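Down below is the structure, laid out as structure tokens.
The values are calculated or read from the model by the stated rules, or taken from the named source; none is laboratory data. It should be emphasised that the depicted structure is a prediction, and the values quoted were computed from it without experimental measurement. Here the Cβ is made from the backbone with ideal geometry for all residues, glycine too, and neighbour counts use every protein chain on show. The area values use the complete protein model at the heavy-atom level, side chains included, leaving out ligands, DNA and RNA. Shrake-Rupley method; radii C 1.70, N 1.55, O 1.52, S 1.80 Å.
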Amino acid sequence: MLLHVRLSGWACWCLFSGVFSVFSLQQRLTVSLNGKWRLSNSNGSLLLPAQVPGCVHSALQQQGYITDPYFRFNDVSYRWIALDNWTYTTTFTLSADVKQKVLLVFDGVDTVGSISLNGIAVGKTYNMFCRHDFSVKDLLKDGENVLQVGLLSPILYASEQRKAHTSYAVPPECPPDVQKGECHVNFIRKEQSSFSWDWGPSFPTMGLWKGVRLEAFDMLQLVQVSSVPLYNDAFSQWTVQVELLIDAVQTARGQLTLSIPELDSEQTFQTHFNPGKTKSNFTILINTVQVKLWWPNGHGEQPFYRLTIRGFQDEFLIFKYLPQVYFRTVELIQEPVAGSPGLSFYFRINGKPIFLKGSNWIPVHSFQDQVTPGVLKNLLQSAVDANMNALRVWGGGVYEQDLFYEICDELGIMVWQDFMFACAMYPTETDFIQTVREEVVQQVQRLKSHPSIIIWSGNNENEAALATDWFNIPASQRPKYIRDYVMLYVDNIKKLVQEDQSRPFLVSSPTNGAESEQEGWVAENPYDPHYGDVHFYSYILDCWDWRTFPRTRFASEYGFQSWPSFSTLQPVSIKEDWSYGSNFTSHRQHHEDGNQQMILQAALHFHLPNATDPLKRFTDTLYITQVMQAQCVKTQTEFYRRSRSEIIEGKGHTMGALYWQLNDIWQAPSWSSIEFGGKWKMLHYFAQSFFAAVFPVAFEEDDTLVIYAISDLSRDLKLRAVVNVFSWTELDPVCTLNSSMLLVPGGSAVVVFKQPVATLLAGCGNCTRLTCLLTFQLEDDSSQQGPTNHHFLCSPKDAQGLGRPNITVKKKTCFSVTLHSDSVAPFVWLDVGNIPGRFSSNGFLMVSRNRTVDFNAWRPTSVAELTASLTITSLRDIY
Ligand code: BMA
């Protein structure tokens, strides 16, 4: 049918020219149905234009029916939106009947939808993570066609599903009250955090969150392609497995040619395509072992090759596609460790053990249609700029859009990809399992060509939830829940995923991995530091005391909360909100006692803000929470990095540190190191140092100062530690100590300096623990290697001589400022309000009279604008 289409007056058929560069004699035609649709609520009282892709909340806001959903208490005020049912409608005009098959394709419906075309039911949707297509040729009319998608309230649907599940409960029923969220999210295949989380609001979205289109073709069309390189050790041979998902109208014989000219490799296959959608696999042998490999950030480049896939029928080219292929291998090594019970847990990429440095990724926005390429790029670039090489896409959010993984491929960010299940038990009724299976098949097919994804993981914390009984499941019923757990993640998800041989699969995070499997997939203690990965949180214990941290094989989650800066909060609040005790401040905190915990943790080492001016007191409090968080996560990360080469009391060989969490979903207190909007918190500036490839770490054990040199480089280094002892009152070191030169092998952490603190101080003027502090760095024969680090010998609140530094701006050129200080100043923080961008360094310890810092603006600005916005805060300014 149809050569011409008019969608609301302006769309038309076009030759398909999207991701696949397909051309053929049997042209495939597509028409986008994206754009302006009509949206109405269940009783018709609201009728408005709505953009597709999009969601109901975004449409209501764009049309002025609601204000910013993130403003103040709007998450609660706008609860009604997701309690109603909504209908999306569009009309389009067609003419001329030319194609044999016409598909109506939805890349993503959020979530419970009934689709009708010209009044005739086409299909239903129950899973926002699935793509749907419907054969609609017979339903299309010449002239005007009406397409409608009715969406049920996800809250009411989830609750209905829960009610129907009468045999036993599937906990948790509801989130904790402090989250002000909705119940039974585990009964609906939808972003789990959209019903609220401990860092995010409840906005149970509804909408057509991805594209909609018609696709028409005569013979066949290529629906999806994946290409996965595999290395066979025994034969020292690379192959590329190519999988084609083809939709054919009738049986057809054909020929397929795969080639990578740059690698001098080409192969032709005779094949045939069966009617309907079928997957076909082809393997091309690579004629050389000399391929350029894809490496994680910091370990090499990210080169790729072009694979040419050509399909022919009767010698006519029917499709052509040119995907990028990146070669790399991944192994997850779980084997006995000398001197330690349990098993190792680390990743080997291209045969090289790699320490994973990074964080956890949560949804970037409650309304996914508002996530722009710029926002994604900025966040991922910020990760790389902080020397990260890995991110975990956490299981309570969404499988990210293609662009996310493409950028990770390009930047060398390794992705630990969870499946979207988190902190809950899940039903295992046939329908539920069926839709999950479809979701898994589709997502693996979509994503497996990305070298950046180095592991699939079944869920977030569900093994731990069962093992440590989060939901008070009576002992007699436990076997049933374990059966359900195994059925979902092992018998279904794991089985489906294992067809992808290019990366490992873990059932959960945290898990004991191979040991959990031994114990029937739910280990007695999935947090066992001798196995697998660990999530560890402790808000009450002193975070400066490294003894409180588990010496785990792999730390995949740990963290501390902080508040975002005032410039981030200001647009969503009003004056009466700007105090730490306000309703707003407690409303935005979704973690029980979170605000108090931050203050208590900060008070262990810092004087709390005591300004009389309420606004200053508030902004100083935001600042001190960021100082606390940065220092806490630094201490914990340093502990993990220095544990990579040693076994102490049977524990160690830590090979990963992914703190919780990288980004924020809205303007609120959370564990993130980047605020909503992209502004770096102090923690992110700290991460830039503590994730540096070469880095010195100091700590004390039994009053002895120990300094480690940590190196992620491949080559060996010869380094010495240089320790400068400063008095809080002066800007010239009281004394300087040098260690001897030591070998620091590539990929190791070794002790380079050790001295009792008392001895060190005795040889250094009148220094005491209270009057002095240390900075230290690593040097080779010619220069400093890696950043300078510091070590406090007492809590700054007890420091003697820590005065107001009187920091002034000495010089300003372009976007750089030179600061001048009279004395040592800890945690010097430059802020330019809402001018987006970042400083070359920030939150630093100033131990020199002058220091120049650059500002990299993310939009055009001027020296005058920056000058007017610049504020400088250091620790002594808040009390
Ligand atoms: C973890 C995560 C999230 C949560 C975070 C902070 O365990 O998996 O569920 O947001 O802790 O509490």
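A few points about this structure:
- Label-point separation in nm, TYR879 to GLN270, each point 7 Å along Cα→Cβ: 8.4 nm
- Rounded if a/c under 1.5, otherwise prolate or oblate - the stretch 614-771, Cα gyration tensor axes: oblate
- Counting protein heavy atoms only, the chain has 50 percent of its accessible area on carbon and sulfur, 1.4 angstrom probe.
- Reported value for the stretch 702-802: 104 Å³ per residue, from the convex hull of its C-alpha atoms.
- If the segment from GLN755 to GLN290 were pulled out straight at 0.36 nm per residue, it would be longer than the present Cα-Cα gap by 162.5 nm.
- Debye, to nearest 20: dipole size of the chain, +1 on Lys, Arg Cβ, -1 on Asp, Glu Cβ: 1340 debye
- Rolling a 1.4 angstrom probe over the protein heavy atoms with all chains in place gives the chain an accessible area of 36 Å² per residue.
- As a ratio to 2.2 N^0.38 Å, the alpha-carbon radius of gyration for the stretch 29-213 is 1.10.
- Cβ-based charge dipole, the chain, positive-most Cα from LEU39, TYR558, GLY581: LEU39
- Mean Kyte hydropathy of 1.6 or more with a Cα span along the axis of at least 30 Å, helices from DSSP in the chain: none
- Positive-end ranking of PHE606, PRO510, TYR531 along the dipole of the stretch 480-633, with charges on Cβ about the Cα centre, is headed by PHE606.
- Per-pair calculated FRET efficiency, R0 = 60 Å: GLN501 and THR67 via Cβ, rounded to 0.05: 0.75
- Hull-based mean projected area of the stretch 565-697, where the convex hull spans the alpha carbons, in square nanometres: 9.5 nm²
- Ellipsoid semi-axes in whole angstrom, largest first, where each is sqrt(5λ) of the Cα gyration tensor of the stretch 422-517: 25, 16, 10
- Taking a ≥ b ≥ c as the square roots of the eigenvalues of the Cα gyration tensor, an a/c ratio of 1.5 or more together with a/b no larger than b/c marks the stretch 339-469 as oblate.
- Projected-area average for the stretch 728-777 over all orientations - Cα convex hull basis, square nanometres: 4.4 nm²
- Three-way shape call for the stretch 220-326 based on the alpha-carbon gyration tensor, with the a/c threshold at 1.5: prolate
- Note on LYS810 and ASP545: their simple-model spin labels are 4.1 nm apart, each label 7 Å out from Cα toward Cβ.
- Stretch gain in nm, segment SER167-LYS141, where the contour uses 0.36 nm per residue and the Cα spacing is subtracted: 4.7 nm
- Cross-link pairs exceeding 21 Å in C-alpha to C-alpha distance, out of LYS190/LYS480; LYS279/LYS494; LYS357/LYS718; LYS357/LYS754, comprise LYS190/LYS480; LYS357/LYS718; LYS357/LYS754.
- Cα pair distances in the stretch 807-873, grouped into 5 Å bins until the bin that holds the longest one, percent each: 4, 17, 34, 25, 13, 6, 1
- Stretch gain in nm, segment ASP780-ASP613, where the contour uses 0.36 nm per residue and the Cα spacing is subtracted: 55.2 nm
- Label sites at ASP491 and SER159, each approximated as a point 7 angstrom past Cα along Cα to Cβ, lie 3.3 nm apart.
- Note on TRP80: accessible area is roughly 100 Å² with a 1.4 Å probe, heavy atoms of protein only.
- At q = 0.07, 0.09 Å⁻¹ the log10 of I(q)/I(0) for the chain amounts to -0.60, -0.99, computed by Debye summation with a single uniform scatterer per C-alpha, solvent ignored.
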